[in-house]
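Here's the structure, in structure tokens; my notes come after.
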Amino acid sequence: MEEYKENIQDKGDNVKLSSKPEEDDKSCNKVCSNIGEPVPQVSSTRGEFSDPVYKEIALANGHINRMNKDELRSKLAEFKLDTRGVKDVMKKRLKNYYKKQKLSLMQSVTEGGPTDAYYDFICVVDFEATCEQDNPLDFTHEIIEFPMVLFNTHTLDIEDSFQEYVRPEVNTQLSEFCIKLTGITQKMVDEADTFPDVLKRVVLWLQEKELGTKYKYAILTDGSWDMSKFMNTQCRLSRLRYPQFAKKWINIKKFYGNFYKVPRTQTKLSSMLEKLGLQYEGRPHSGLDDSRNIARIALRMLQDGCQLRINERMHEGQLRTVPSSAPVEGAPPPHNPRSRV
């Protein structure tokens, strides 16, 4: 229901976004002439970014910027990298590959250097909720599908998934628009459990994966809406406190826009897939299928050198941005939230 989320978000809601400006990820915007040449000797007497290796990276970036699509595909194929995607995506992929190769020598001799991923696992969530075509501002959206897709950031494999339908309790009858949009029928939700029971099984599933205990993990969503609106509203309706493990998450739209340097209008799910040279797999607006496709985008971004990290959170009922300068923390061990008094 991504396009629907975009529409209702534009009309406003009761969740306020922090006025603190978002800090975009900074990356090299210059580049190199002879990709694949030896790294110059690392100097230990100057500042980190004054090292000759960064000059070579800058020269390489300039060379990559001048390549046409055929040259980019040829160079990517030479390094056995993915050759799909639009020109800007291929440039970013090649720049990050080259940068990673050049910095590997420095990282190998620097204790505690940066790693490819901040988390062991990332759990993608994309809710489906009750909705109406006219999208009235006072309509109460209730979660009717709770999907999760878990992928390993080290192997870059989708390892497991969870999915259950949820029975709404306020607007118990689904609109024809909602049924057509999501493919979720009245029978499906009538036979489902209510949100508190489904959430208990979600928590148990996460606990069985040893997330937050043995493994560091984070929640990832396609935008702010799933957690700041749907989860927030649903917990209030179900008289539950907002679960601690879901209070911070990765908003992939922001990372995608910053990493590939594209405007917000080009960060819809279908646009992100298209620019990466990927096809949507499954049924659009199925929560589980949407989650799987979002996971595919996240995996491609990790392959292209993006370091996904938590960039949004809920604080006192408000949506806030987590600056890139904040310490990197994973989600806490999952536990069932307490009931509201």
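Values for this structure:
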item	result
Complete set of residues in the range 165-190 that are over 15 Å from HIS285 (Cα atoms) and either in contact with a Gly (Cβ under 7 Å, 6 or more places away or on another chain) or open to solvent by 40 Å² or more (accessible area, probe 1.4 Å) (or both)	ARG167, GLU169, VAL170, ASN171, THR172, GLN173, LYS187, MET188, ASP190
Identity of the residue in the range 44-80, farther than 17 Å from ASP304 by Cβ and of a type in the set (A, V, I, L, M, F, W, C), that ends up modelled with the highest pLDDT	ALA58
Residue within the range 250-261 that is modelled with pLDDT under 95, of a type in the set (Val, Ile, Thr) and at negative phi present	no
Qualifying residue in the range 198-207 (condition: open to solvent by 10 Å² or more (accessible area, probe 1.4 Å), more than 14 Å from CYS123 (Cβ to Cβ) and outside any helix (DSSP H, G or I))	no
Enumeration of residues in the range 125-157 that are assigned to a strand (DSSP E or B) and touching a Lys or Arg at 6+ places or on another chain (Cβ under 7 Å)	VAL149, LEU150
Top-ranked residue in the range 319-341 [being at pLDDT 95 or above and not in a loop (DSSP other than H, G, I, E, B); ranked as surrounded by the fewest Cβ atoms within 10 Å (Cβ to Cβ)]	ARG320
Selection from the range 208-225 of residues that are open to solvent by less than 10 Å² (accessible area, probe 1.4 Å) and part of a strand (DSSP E or B)	LEU211, TYR217, ALA218, ILE219, LEU220, THR221
Residues that are open to solvent by less than 10 Å² (accessible area, probe 1.4 Å), closer than 23 Å to MET1 by Cβ and not in a helix (DSSP H, G or I), drawn from the range 260-307	THR267, LEU276
First in the range 150-169 and over 22 Å from THR182 (Cα atoms), second anywhere and open to solvent by 50 Å² or more (accessible area, probe 1.4 Å) and among the acidic types (Asp, Glu), Cβ under 6 Å, 6 or more apart	ASN152/GLU159
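The values are calculated or read from the model by the stated rules, or taken from the named source; none is laboratory data. As the structure is a computational prediction, the values presented were derived from the model and not from experiment. Virtual Cβ from ideal backbone geometry, glycine too; neighbours counted across all protein chains shown. For the accessible areas, the whole protein counts, side chains as well, though only heavy atoms, and no ligand, DNA or RNA atoms are used. Shrake-Rupley method; radii C 1.70, N 1.55, O 1.52, S 1.80 Å.
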